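Data first, discussion second: the structure below is written as structure tokens.
We did not get these values from a lab; they are worked out from the coordinates using the rules stated. All values derive from a computational prediction rather than experimental measurement. For neighbour counting, all protein chains shown are included, and Cβ atoms are generated from backbone atoms with ideal geometry for every residue, glycine included.
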Amino acid sequence: MTAHIAIIDPEMPNMTLAIPEELHKKMKRHTELKWSDIARQAFERKIKEIEFMDKLLEKSDLTEKDAQRIAHSVNSKIRKRISG
């Protein structure tokens, strides 16, 4: 049995996530991975995407609805590319 030591940076806020049981079972099989780091990296990627879209649309005549439609389309294509 492997002991896990959580080192919490007092400068960083904590977040609790709910995940499906099946996903949790799969994650538990890979204790060598730091799931909190993986989640943080995913959040950072998503924020970069949003900031990129915000910058593109900053001086645009597009409406918020147009921006959401474009973002949804981009995100869908990214997910397809990542999932193979």
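Taking the Cα atoms only, what angle lies between the long axis of helix 64-83 and the longest principal axis of the chain, rounded to 10 degrees? Relative to the chain, helix 64-83 is tipped by roughly 40 degrees.
Shown here for segment 43-83: GluC sites (Glu not before Pro) in loop regions (DSSP other than H, G, I, E, B) with at most 15 other Cβ atoms within 10 Å, namely Glu58. Between the labelled values (1) 241; (2) 148; (3) 112, the entry that holds volume of the Cα convex hull per residue in Å³ as derived from this structure is (2).
Of Met27, Met15, Met53, the residue with the greatest mean-square motion in the GNM of the chain, using alpha carbon springs below 10 Å, is Met15.
For the chain, trypsin sites (Lys or Arg not before Pro) are listed when DSSP marks them as loop and at most 13 other Cβ atoms sit within 10 Å of their Cβ; the list is Arg29, Lys34, Lys59. Mean silhouette area of segment 25-65, derived from the convex hull of its C-alpha atoms and averaged over all directions, reads 4.2 nm². Each residue, Leu62 and Lys26, gets one label point 7 Å from its Cα in the Cβ direction; the gap between the two is 3.1 nm.
With the charge dipole of the chain set up from +1 on Lys and Arg Cβ and -1 on Asp and Glu Cβ about the Cα centre, the Cα lying farthest toward the positive end among the listed residues Ser36, Leu62, His24 is that of His24.
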